[in-house]
1. Across segment 61-104, which residue is farthest from residue 27 (Cα to Cα) among those that are of a type in the set (S, T, N, Q), open to solvent by 40 Å² or more (accessible area, probe 1.4 Å) and assigned to a helix (DSSP H, G or I)?
2. Within segment 90-106, can you find the residues that are among the aliphatic types (A, V, I, L, M) and farther than 14 Å from residue 50 by Cα?
3. Check segment 49-65 and report whether any residue there is without any contact (Cβ under 8 Å) to a residue 60 or more places away in the chain, within 29 Å of residue 20 (Cβ to Cβ) and of a type in the set (A, V, I, L, M).
4. Search segment 95-114 for residues that are of a type in the set (A, V, I, L, M, F, W, C) and pair each with any residue that is assigned to a loop (DSSP other than H, G, I, E, B) when their beta-carbon atoms are under 8 Å apart and the residues are at least 6 apart or on different chains.
5. Identify, please: which residue in segment 24-60 is in a loop (DSSP other than H, G, I, E, B) and of a type in the set (A, V, I, L, M) and is, among those, most open to solvent (accessible area, probe 1.4 Å)?
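The values are calculated or read from the model by the stated rules, or taken from the named source; none is laboratory data. Everything numeric here is computed off the predicted structure, so don't read it as measured data. Here the Cβ is made from the backbone with ideal geometry for all residues, glycine too, and neighbour counts use every protein chain on show. These accessible areas exclude ligands, DNA and RNA; they are computed on the full protein's heavy atoms, side chains included. Shrake-Rupley method; radii C 1.70, N 1.55, O 1.52, S 1.80 Å.
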Amino acid sequence: MSVEERLDFLEFRQELLFENSDYSRLLFEYRITRNQSRAIADVFDEFRSMIENGERVHHGSFEQRIYDEVPQYSGNYHFVEALSQENHRTGHWEEVFETLYGDMPKFQTYMNSI
């Protein structure tokens, strides 16, 4: 990591701390970089568009796209589910979580509580 990349990483982590939301704390805990955060948002936008266009989507392909952007968590579906659920909880990309995870038994208590 270059000095500039390291500085940006530290500045982004500071911004996440000041934001102090559940989502920013999640990104902080997982040591996500600014570029990875933007790439994650792009994946959510991509899947939202696919859902809105009536395309069939599956959580496996969504998770793989996130792993492509955040390779240090490749295969960690808990990470992707946490991102998705937290975005849903805060009203962001709700259709992505509902479409990909809403029918899963492990999320039924959460889905029934909203």
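1. Of the residues in segment 61-104, the ones of a type in the set (S, T, N, Q) are 61, 64, 72, 74, 76, 84-85, 87, 90, 99.
Still in the running and open to solvent by 40 Å² or more (accessible area, probe 1.4 Å): 61, 64, 72, 74, 76, 85, 90, 99.
Cutting the leftovers down to assigned to a helix (DSSP H, G or I) gives us 61, 64, 72, 85, 99.
Numbers: 61: 21, 64: 18, 72: 13, 85: 13, 99: 23 Å.
Of everything passing the filter in segment 61-104, 99 is farthest from residue 27 (Cα to Cα).
2. Initial filter on segment 90-106 (among the aliphatic types (A, V, I, L, M)): 96, 100, 104.
Result: 104, single match.
3. no
4. 100/57; 100/58; 111/102
5. Residues of segment 24-60 in a loop (DSSP other than H, G, I, E, B): 30-33, 53-58.
Narrowing further to those that are of a type in the set (A, V, I, L, M): 32, 57.
Numbers: 32: 1, 57: 33 Å².
Per the stated criteria, the residue is 57.
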